[in-house]
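Colleague: Below is the structure I would like to discuss, written out as structure tokens.
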Amino acid sequence: MLHVTVGKKRKGGEELKWEDLDAESLAALASTEALFGGARTFVLSGVLYGERGEEFLKSAKELVSSPHVFVFEEEKLLKKETEALTKAGAKIEILKAVKKEYGFDPFGLTAALGNRDRKKLWFGVVQAMEGGEKPEAITGLLHWKVRDMLGNKRGATKYTKEELSALSREVVTLYHDSHRGAGSLEILLERFALRL
């Protein structure tokens with residue numbers, strides 16, 4: 001059986017390198033029964049558009065009639081190759097890239113800091129870390145916002161200049177304290193948000 005998967009990596013199966021295979025060894029894999037019965041799954045990536053792509057298309061009929069499953073993963077599949085594989089009897093599966101929902105809102109996080117809203121800031125920090133954002137990146141974002149408010153007189157209506165300078169030092173100190181062993185940066189960020 002021959003599967004051609006376009007767009008997404010498939011899990012499972014023995015990974016083979018097309019460069020290491022010749023036509024005879026591929027034919028032997030396709031025709032040899034498994035030692036204990038059952039079908040084996042072989043996975044090859046990026047075969048069609050390499051130097052030996054035509055060789056693969058010629059051997060596609062043999063692979064379709066094999067008791068084993070051959071999965072060929074490609075990033076794209078053009079019309080000529082699609083027609084040749086369909087004619088050989090291969091199963092073609094085109095997978096669309098699924099957009100990952102990302103729950104972190106950097107603008108909401110910085111707006112919460114600018115508005116001195118500790119509840120929203122804490123919630124934004126927790127949401128960012130749960131979304132996979134690195135604490136170092138969150139710290140950098142918060143420091144950027146404080147420095148922006150220091151330089152922009154219109155954006156700092158909730159803070160005095162002295163408070164902003166102290167806030168800038170505190171955010172930088174958070175980062176360095178975490179590397180000195182004063183606690184994990186995640187916990188220090190949450191404490192910072194709750195003390196705002």
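The values are calculated or read from the model by the stated rules, or taken from the named source; none is laboratory data. Since this is a predicted model, take the numbers as computed values, not measurements. Neighbour counts are summed over all protein chains in view; Cβ atoms, including those assigned to glycine, are modelled from backbone coordinates with ideal geometry.
Colleague: I'm trying to understand the selection: among the residues of segment 155-186, which are in contact with a Ser or Thr (Cβ under 7 Å, 6 or more places away or on another chain) and surrounded by 13 or more Cβ atoms within 10 Å (Cβ to Cβ)?
Modeller: Initially, segment 155-186 is screened for residues in contact with a Ser or Thr (Cβ under 7 Å, 6 or more places away or on another chain), giving 171, 174-175, 178, 184-185.
171, 174, 175, 178, 185 - these are the residues of segment 155-186 that are in contact with a Ser or Thr (Cβ under 7 Å, 6 or more places away or on another chain) and surrounded by 13 or more Cβ atoms within 10 Å (Cβ to Cβ).
Colleague: Could you please let me know if residue 52 is more than 25 Å from the chain's Cα centre (by Cα), basic (Lys, Arg) and not assigned by TED's automatic domain parsing to the domain that holds residue 25? Give the derivation first.
Modeller: On the way: more than 25 Å from the chain's Cα centre (by Cα): yes; basic (Lys, Arg): yes; not assigned by TED's automatic domain parsing to the domain that holds residue 25: no.
Spelling it out, it is not the case that residue 52 is more than 25 Å from the chain's Cα centre (by Cα), basic (Lys, Arg) and not assigned by TED's automatic domain parsing to the domain that holds residue 25.
Colleague: Can you tell me which residue among 83, 101 is charged (D, E, K, R) and either over 30 Å from residue 138 (Cα atoms) or modelled with pLDDT of 85 or more (or both)?
Modeller: 83
Colleague: Sort out which residues of segment 61-83 are hydrophobic (A, V, I, L, M, F, W, C) and either over 32 Å from the mean Cα position of the chain (by Cα) or within 13 Å of residue 42 (Cβ to Cβ) (or both), and write them in order of number.
Modeller: Filtering segment 61-83 down to residues hydrophobic (A, V, I, L, M, F, W, C) leaves 63-64, 69-72, 77-78.
Once the filter is applied, which keeps residues that are hydrophobic (A, V, I, L, M, F, W, C) and either over 32 Å from the mean Cα position of the chain (by Cα) or within 13 Å of residue 42 (Cβ to Cβ) (or both), segment 61-83 yields 63, 64, 69, 70, 71, 72.
Colleague: Another one. On the given criteria, is residue 152 loosely packed, with under 15 Cβ neighbours inside 10 Å, farther than 30 Å from residue 61 by Cα and touching a residue at least 12 places away in the same chain (Cβ under 8 Å)?
Modeller: Details: loosely packed, with under 15 Cβ neighbours inside 10 Å: yes; farther than 30 Å from residue 61 by Cα: yes; touching a residue at least 12 places away in the same chain (Cβ under 8 Å): no.
Judged against the criteria, residue 152 is not a match.
Colleague: Something else about it: Kindly list the number of the only condition in (1) aliphatic (A, V, I, L, M); (2) exposed (fewer than 15 other Cβ atoms within 10 Å of the Cβ); (3) touching a Phe, Trp or Tyr at 6+ places or on another chain (Cβ under 8 Å) that fails for residue 94.
Modeller: Residue 94 satisfies every listed condition except (3).
Colleague: Identify the residue in segment 18-75 that is of a type in the set (S, T, N, Q) and outside any loop (DSSP other than H, G, I, E, B) and, among all such residues, is nearest to residue 89 (Cα to Cα).
Modeller: Narrowing segment 18-75 to residues of a type in the set (S, T, N, Q): 25, 31-32, 41, 45, 59, 65-66.
Subsequent filtering for residues that are outside any loop (DSSP other than H, G, I, E, B) retains 25, 31, 41, 45, 59.
Values: 25: 21, 31: 17, 41: 18, 45: 19, 59: 12 Å.
Across segment 18-75, the extreme among qualifying residues is 59.
Colleague: Starting from segment 71-97, take each residue that is among the hydroxyl-bearing types (Ser, Thr, Tyr) and list its partners that are surrounded by 13 or more Cβ atoms within 10 Å (Cβ to Cβ), counting only C-beta distances under 9 angstrom and pairs at least six apart or across chains.
Modeller: Hits for this filter: 82/4; 82/92; 86/92.
Colleague: If you don't mind, there's one more thing I want to ask. Output the residues belonging to segment 113-128 that are without any contact (Cβ under 8 Å) to a residue 60 or more places away in the chain and among the aliphatic types (A, V, I, L, M).
Modeller: Residue satisfying the conditions is 128 alone.
Colleague: May I pose another question? Please indicate, with yes or no, whether at least one residue in segment 114-122 is of a type in the set (S, T, N, Q) and in the same structural domain as residue 19 (by TED's automatic domain parsing).
Modeller: First, pick out the residues of segment 114-122 that are of a type in the set (S, T, N, Q): 115.
Filter once more, keeping what is in the same structural domain as residue 19 (by TED's automatic domain parsing): none.
No; the residues of segment 114-122 include none that is of a type in the set (S, T, N, Q) and in the same structural domain as residue 19 (by TED's automatic domain parsing).
Colleague: Does residue 154 satisfy the condition of being at pLDDT 90 or above and among the basic types (Lys, Arg)? Break it down stepwise before answering.
Modeller: Details: at pLDDT 90 or above: no; among the basic types (Lys, Arg): yes.
So residue 154 does not fit the description; no.
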